[in-house]
Structure formats: C-alpha cells, structure tokens
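Down below is the structure, laid out as structure tokens.
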Amino acid sequence: MGAILQNPTQAEQDLLKSFSAERSDTQRQAAFERFARAGLPSRRNEAWHYTDLRAKLRAAPPRASRPDASVLDQAKEKLAPVDRFRIVTVDGYFSPELSDDLTCVQGVKLRPLVADDAILKRLAEGAEDALLDLNTAFAEGGFALEIAPEVHIDAVFELVALDGALGALGRFGRTVVVLGDGARAAILETRAESGEGFGDSAIFLSLGRGAELDYACRAQGGAAVEVQTFVARLEEEARLRAVSFLAGAPFLRRQLFISCAGANAEVHLAGAALLRGREHADTTLALTHDAPSCISRETFKYVLADQANGVFQGRIIVPPHAQKTDGKMLCRGLLLSDDAAMSAKPELEIFADDVACGHGAAVAKLDQNQVFYMESRGIPREEARAILVEAFAAEAFDLLDDEELRDLLKADLARLLARGDFA
Amino acid sequence: MLEVKNLHVSVAGKKIIDGLSLKVADGEVAAIMGPNGSGKSTLSYVVAGRADYEVTEGSIRLDGVDLLDKTPAERAALGLFLVFQYPLEIPGVATMTFLKAAMNAQRKAREQAELSTPEFMKKVREAAAKLNIPQDMLKRPVNLGFSGGEKKRMEILQMALLEPKFAILDEMDSGLDIDALRICAEGVNALRSKERGLLVITHYQRLLDYIAPDTVHVMHKGRIVRSGGPELALELEKSGYADYAEEAA
C-alpha cells in the first residue's frame, strides 16, 4: 500500500502502517485506498492551501483503543450534571455508560454505527477529502442518533467528545444524526478532546423533508493537531441553522460540506473563532445548492490576538439546475494585534443564470472612536475593548432559534473574554 | 471648577490650540463661541482625554486635580462628561448593557458598590421618561439607527445618569430641529446646579436662547480672544466673527 505514495512523510508512513494490520469493510477499504494514493494534504492542495497538514503533522500517534473501565471513570469526572440529553464519546468511542439512556424517549433511537452502515453511503457523497477518508478508514465505535419523522424534541441533545487515555493518541470519532421528515431537534456538540495527539472527527447530518435542526458546535481546546469534518444533507424544505464557536485549540481545521439536495431548503451558518497566542483555526466550507430555490446565509467571524492565524475559505456552488438560488456569504476579521493574520477566500461557482448570490470579506481593527466614546463614559479601555469584541463575536450566535443553545454559547464567550486575553 | 491654563495642543504637528486659558466655576454656565476651525472641538476632546492630540504646554485641572496624566475613563470617574457632537453608534452592544457598564465602572472607580439591576432599571426608567425616551429605544444597540435628535437625547440621558461634576456640550445643537433642541436644552437645564459647571460650545447664538450662559468667550485660532456676559453672544449674532478674524490677522 505504502508504495503508492511518493516519499511518504513519517506521519503518512505511520498511518499507512497502522491500517494494514486490521480487517476492514468495503467503505473503509475504499477510503483507505484513496488516502493511500493522496496522502496528507499540503499547501499544494488548493483546499488546504492555508493549513499545511502534511508539514504540521510530523508523526501520527498510535490510535486510541476502546476506553477501559478506569479511563471511563476518569472521563466521568469531567461531566457535570446538565438538563440535556447527553451522549458521550471517549477517545472517539461511544460510551453508553456515560451517556443518558434514551430508550424511553419516544421517536428517538441511539445506536452504534456498524460496518458499511447504509445510512452513511448517501451522506458521504460529494464530500471528498483526504481527512474524511482517513476518518472513514479508521473510525470505530461511532454512533447514530435517529429522530423519527414528525417527532419534535424540545430538550437539547449534547454530544460530548472527551479524551480519556493519556499521552499522544490519534482519535477518530464518527457521529451520524438523522432527522426524519418533519422532525425537529437541537444539538450541541461539545468537542473537548484536548492535549497532545491528533484528532480527525466527523459528524454527518441528514435532514429529511421539512426537518428543522439547530446545531451548535463549541470546540474549546483541542488536540495539538485537529481536523473536524461536518457533512450535512438537506432534503426539500429542510432548515439547518448551524453555528460554531472555536477557541483554545492550537491547530484546528474545521471543514463543512453541505448539500441542499431538495428544493426550498434553507441553510443558515455562522461561526465565531477567538484565537490567541499562536493558535491557528481554519474554517473551510463547500456548500452546494443542488436543487432550485434554496437559500443560504453564512457569516463567519474571527477575533485574532497575539500571533494568531485565522483562515476562512467558503465556496458556494450553484450548478445549472439550481435556479432561483439565494446565497450570501460574509467573513469578518477583527485584528487585535499587528502580528495576527487573517486569510479569507470566499468564492462563488455559479452555473445557473437566475440566481442572487453575493459574498464579502472585511478585516479591520477595533474602531478607536467607539473605544474612546465608551472610555469617556468611564468604562476603562480594556473593558471597553472586551465589550466590543463580545458584541462582534456574539452576533454569530443570533441565528440560532433555540434560546438555550444561544445562551450557552454567549455564556461561554463571556467566560472566555473575562480571562482578559482579548482586550 | 475647570481650570485650563496656557494650553498648547498640536495634531500631527499642526498647532490647533495656542495658549488658551479659561476658568469655569462650580455652578457657572460658560459658552465658547467661535468660527469653524477655531479649535473648539479640539478643546473638548483634549479635556476628555482623546488620543492623537499632543499637549505641548499648559495644564487642565478639574477641582484642582490635573487631568492630563489621567485616562479618559479616570477623567470620567472624576466627574467629567462630554456630550459628543456626533455620538458614536455601537452595533451589537445593547444600550442598557452600555449604560450599566458605564455607571458601575464609575462607581467602582469611586469605591462605591455596584448598582443592583432593579436599582439601575429604576434610575434609567425615570431619567428616560423625563427626556421622552421610549423604552424600545433603550432596547436597541447604542445609538444604532437613531435620528440626530434621538442621539442627543441619549447623550443627555447618559449625563443625567452619570451626574458629572462638570460637563462639556460640544455643538449640542448640530443636527437638531427646534423641537429636539428644546427637549435637549430642557434636559440640560434640569441638570444645572450650584455644584455643576457647564461649558457650552457652539457656533450659534440660537442654543444660548435655550441654555442661558453666565459668561461667553470667543475663541479664535486656538485661544480666547474676548470674554464677556450674555450680551456678547447677541453682539456676535449681529456682527459675525469677521472682526476677530481681522484682529487676529
């Protein structure tokens, strides 16, 4: 296998070696073969131009094994009681012991993913990426959450990803969420796999006809090198509102592959990334309007302090049959330091002639006149700056319909800013 | 009492204020009039502590405390307030959040306890009612999309809530129609007191019909060129600033 790739890096050799030892199903095998040909993406790969994973990932740490009882016990201590349905993975493995029992919740099914899970086949279509392939090849112990048609769940589902075993490890979590036709739910994904090592997780969302989902991901902390893939497919008239809040990960790539597969689907996306030190966060979005009359709105915001590096790449694809597409994408960066950097690359690929699409990107510093105005009222400069940063970032959360999710993210943001790193 | 002595100020190497001296006592309402470019707004910004102005000489004291080595927020906590000619819009920051942050920051600086939310709400509601400020205006982000009159009313509301020892009104009448001017002026007049000094900066006599000054100063080319009583404003309204331009030239 390894022979296919020219001059593999240490990390690529590690990854190739670690696969050959195991048995696998067809999806796994096909994904691994694609990875083995392509290798880790580098800046020569356009989609990864600003995040050179091949250079960054020197060696691939061994894969985490299924957590034993003592690892689970330690992980359990990180979980405070909450009023939400909680589904927990440890080192990427679904843990029924730490998760809430959902068997008695009408219309909800929680189950482990199985080999060649039929549900994944269609969802993964069109999401072509080496790290997603790697996840497909290596992920074990993932789960599927299925919500039956027309079922409305008021409580929030929280999907918590924790690290368990110590030391540098590779973690490959994999989650599938299916909303049947007309179903409604709210999901909070809390990613807290921190420390050394390498994370390559994926979540797949399927929204049936007229289904409606509020989704928020908070990635606070993260592995030394982390890639998160988000794949969503919307059928007719489905509505997805998805928000991400990124902070504290040293090197994070978050990639979103979204397809509006049915007419009149609506996607509202937003993100806030607050980076400091030498943190690097890349959000790369590929959104395909694969049916007519779909609406999409994207607003991604970056607050960059110290020597932080923010990347946004957004691509809206409108094939010829997607007439009446309405898409708008915006990226805004706020630079708090002369040494911080922001790269923004919004793109439209439009092949239909009757569409309304637009994109924009703006990077600026805090408005000194606003700061002075607040200071002149007695608000000390640091506090004034923090208030302005909070206002800038918090706007990203407003698109969520679910008040609990919105409030949670705003509280997280306030806590982060109270530490004073972004003033 | 505000006391400015022999103040010299430059912006990007250009002299804007050139040896200005001025005293405004507690309870006094002083007006500064002058043509465009005479340095009036610069004076208000320098007193409030805005960056980008270089004070090369002189002093500014409030009740004997030197302001020049203080930050803008420290000056505010000492009791200084500036009514902006063009109040800033701050998207995303709710007016109530802003007001509360300002009031509590000043209280903290003066080592007073923070206001509880009900106390704060009550104060704001009462002050807003006096200025005809509807509740829904308070729910919007700071000054966002407000008309000129609404913005100025919001400035006076802040002044009423912060209860400064000394306030500077920088061209408060700009952008106001007659009705809005009257409401704002009434708001200011309600805040006149024996302890509180006011410095009213304006081009026109008109504002002084509503806020009657005790003293009037004419500013030209960065200094006070004439001082007198209210009659001086009336005289200027007739003759304009041309005399001073010649005098100084």
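So in the stretch B:49-76, with the set limited to residues that are basic (Lys, Arg) and touching a residue at least 24 places away in the same chain (Cβ under 8 Å), which one is surrounded by the most Cβ atoms within 10 Å (Cβ to Cβ)? Before you say what the answer is, go through the steps one by one.
Going residue by residue through the stretch B:49-76, those that are basic (Lys, Arg) are B:50, B:61, B:70, B:75.
Still in the list and also touching a residue at least 24 places away in the same chain (Cβ under 8 Å): B:61, B:75.
Values: B:61: 15, B:75: 25.
Among those residues, the one meeting the criterion is B:75.
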In the stretch B:34-84, the residues that are more than 13 Å from chain A (Cβ to nearest Cβ), part of a strand (DSSP E or B) and touching an Asp or Glu at 6+ places or on another chain (Cβ under 9 Å): B:59, B:60, B:61, B:62
Near pairs, Cβ below 6 angstrom, 6+ apart or cross-chain, from the stretch B:93-104 (more than 9 Å from chain A (Cβ to nearest Cβ)) to any residue that is in a strand (DSSP E or B): B:95/B:142
Residue pairs meeting the criteria (Cβ under 6 Å; at least 6 apart or on separate chains; first without any contact (Cβ under 8 Å) to a residue 40 or more places away in the chain, in the stretch B:139-154; second assigned to a helix (DSSP H, G or I)): B:149/B:180
Any hit, the stretch A:206-227, residues being open to solvent by 10 Å² or more (accessible area, probe 1.4 Å), outside any strand (DSSP E or B) and more than 27 Å from residue A:401 (Cα to Cα): no
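Can you tell me which residue among A:400, A:330, A:416 is under 19 Å from the mean Cα position of the chain (by Cα), under 30 Å from residue A:155 (Cα atoms) and more than 12 Å from every other protein chain (Cβ to nearest Cβ)? Quick ask: steps written out before the conclusion?
On the way: A:330 fails: under 30 Å from residue A:155 (Cα atoms); A:416 fails: under 19 Å from the mean Cα position of the chain (by Cα).
Criteria check complete, one pass: A:400.
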Qualifying residue in the stretch A:356-365 (condition: over 27 Å from residue A:290 (Cβ atoms), within 14 Å of chain B (Cβ to nearest Cβ) and more than 27 Å from the chain's Cα centre (by Cα)): no
Restricting the stretch B:20-48 to residues that are among the charged types (D, E, K, R) and over 16 Å from residue B:226 (Cα atoms), the residue that is surrounded by the fewest Cβ atoms within 10 Å (Cβ to Cβ): B:26
The lone exception for residue A:372 - which of (1) crowded, with 16+ Cβ neighbours inside 10 Å; (2) of a type in the set (Phe, Trp, Tyr); (3) more than 7 Å from chain B (Cβ to nearest Cβ) it fails: (3)
Members of the stretch A:318-328 found to be part of a loop (DSSP other than H, G, I, E, B) and open to solvent by 30 Å² or more (accessible area, probe 1.4 Å), listed by number: A:320, A:321, A:323, A:324
Residues being among the small types (Gly, Ala, Ser) and either outside any helix (DSSP H, G or I) or surrounded by 17 or more Cβ atoms within 10 Å (Cβ to Cβ) (or both) - total across the stretch A:11-37: 5
Scan of the stretch A:270-283 for residues that are touching a Ser or Thr at 6+ places or on another chain (Cβ under 8 Å) and in contact (Cβ under 8 Å) with a residue 40 or more places away in the chain, ordered by number: A:270, A:271, A:272, A:280, A:282
Counted residues, the stretch A:278-303 - those being in a strand (DSSP E or B) and out of contact with any His (no Cβ under 6 Å at 6 or more places or on another chain): 18
The stretch B:1-17: number of residues that are open to solvent by less than 50 Å² (accessible area, probe 1.4 Å), over 20 Å from residue B:65 (Cα atoms) and not hydrophobic (A, V, I, L, M, F, W, C): 1
Residues satisfying the stated conditions in the stretch A:378-390, i.e. among the basic types (Lys, Arg) and within 8 Å of another protein chain (Cβ to nearest Cβ): A:381
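Residue A:343: closer than 23 Å to residue A:236 by Cα, hydroxyl-bearing (Ser, Thr, Tyr) and touching a strand residue (DSSP E or B) at 6+ places or on another chain (Cβ under 7 Å), yes or no? So that I can check it myself, show each step before the final result.
Values: closer than 23 Å to residue A:236 by Cα: no; hydroxyl-bearing (Ser, Thr, Tyr): yes; touching a strand residue (DSSP E or B) at 6+ places or on another chain (Cβ under 7 Å): yes.
No, not satisfied.
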Test: residue in the stretch B:132-139 that is buried (at least 18 other Cβ atoms within 10 Å of the Cβ), assigned to a loop (DSSP other than H, G, I, E, B), of a type outside the set (Gly, Ala, Ser) and away from every other protein chain (no Cβ under 14 Å): yes
Some residue of the stretch A:249-257 being in contact (Cβ under 8 Å) with a residue 60 or more places away in the chain and not in a strand (DSSP E or B): no
Test: residue in the stretch A:310-327 that is of a type in the set (Asp, Glu) and farther than 15 Å from residue A:260 by Cα: no
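With the structure loaded, tell me whether residue A:58 is within 26 Å of residue A:309 (Cβ to Cβ), within 24 Å of the chain's Cα centre (by Cα) and without any contact (Cβ under 8 Å) to a residue 12 or more places away in the chain or whether it fails that test. Write out each step before concluding.
Details: within 26 Å of residue A:309 (Cβ to Cβ): yes; within 24 Å of the chain's Cα centre (by Cα): yes; without any contact (Cβ under 8 Å) to a residue 12 or more places away in the chain: no.
For residue A:58, the condition - within 26 Å of residue A:309 (Cβ to Cβ), within 24 Å of the chain's Cα centre (by Cα) and without any contact (Cβ under 8 Å) to a residue 12 or more places away in the chain - is not met.
Take residue A:393 and decide whether it is among the hydrophobic types (A, V, I, L, M, F, W, C), under 20 Å from the mean Cα position of the chain (by Cα) and within 13 Å of another protein chain (Cβ to nearest Cβ).
Here the answer is yes, as residue A:393 does meet what is asked.
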Number of the condition not met by residue B:200 [criteria: (1) open to solvent by 40 Å² or more (accessible area, probe 1.4 Å); (2) of a type outside the set (Phe, Trp, Tyr); (3) out of contact with any Lys or Arg (no Cβ under 9 Å at 6 or more places or on another chain); (4) touching a residue at least 60 places away in the same chain (Cβ under 8 Å)]: (1)
Qualifying positions in the stretch A:45-77 - out of contact with any Asp or Glu (no Cβ under 9 Å at 6 or more places or on another chain) and charged (D, E, K, R): A:46, A:52, A:56, A:58, A:68, A:73, A:77
Residue under evaluation residue A:274, criteria (1) open to solvent by less than 50 Å² (accessible area, probe 1.4 Å); (2) assigned to a loop (DSSP other than H, G, I, E, B), criterion not met: (2)
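Rundown of residues vs (1) modelled with pLDDT under 95; (2) more than 23 Å from the chain's Cα centre (by Cα); (3) within 18 Å of residue B:73 (Cα to Cα), yes/no style:
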residue: B:87; (1), (2), (3): no, no, yes
residue: B:99; (1), (2), (3): no, no, yes
residue: B:103; (1), (2), (3): no, no, yes
residue: B:106; (1), (2), (3): no, no, yes
residue: B:122; (1), (2), (3): no, yes, no
residue: B:132; (1), (2), (3): yes, no, no
residue: B:136; (1), (2), (3): yes, yes, no
residue: B:139; (1), (2), (3): yes, yes, no
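Just to be sure before I move on: is residue B:169 open to solvent by 30 Å² or more (accessible area, probe 1.4 Å) and touching a strand residue (DSSP E or B) at 6+ places or on another chain (Cβ under 6 Å) in the structure I sent? Outline the logic, then answer.
Working: open to solvent by 30 Å² or more (accessible area, probe 1.4 Å): no; touching a strand residue (DSSP E or B) at 6+ places or on another chain (Cβ under 6 Å): yes.
Taking the combined requirement at face value, the residue does not satisfy it.
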Selected residue (criterion: surrounded by the fewest Cβ atoms within 10 Å (Cβ to Cβ)) from residues of the stretch A:329-344 that are part of a strand (DSSP E or B) and of a type in the set (A, V, I, L, M): A:341
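Find the strands (runs of 3 or more DSSP E) located wholly in the stretch A:77-153 whose residues include 3 or more that are of a type in the set (A, V, I, L, M) and open to solvent by less than 20 Å² (accessible area, probe 1.4 Å), and list them. Steps first, please.
Numbers: elements: A:85-90, A:108-112, A:143-147.
So the answer is A:85-90, A:143-147.
The values are calculated or read from the model by the stated rules, or taken from the named source; none is laboratory data. Everything quoted here is computed from the prediction, not taken from an experiment. Cβ: placed from backbone, ideal geometry, glycine included. Neighbour counts: every protein chain shown. SASA here: full protein model, heavy atoms, side chains in, ligands and nucleic acids out. Shrake-Rupley method; radii C 1.70, N 1.55, O 1.52, S 1.80 Å.
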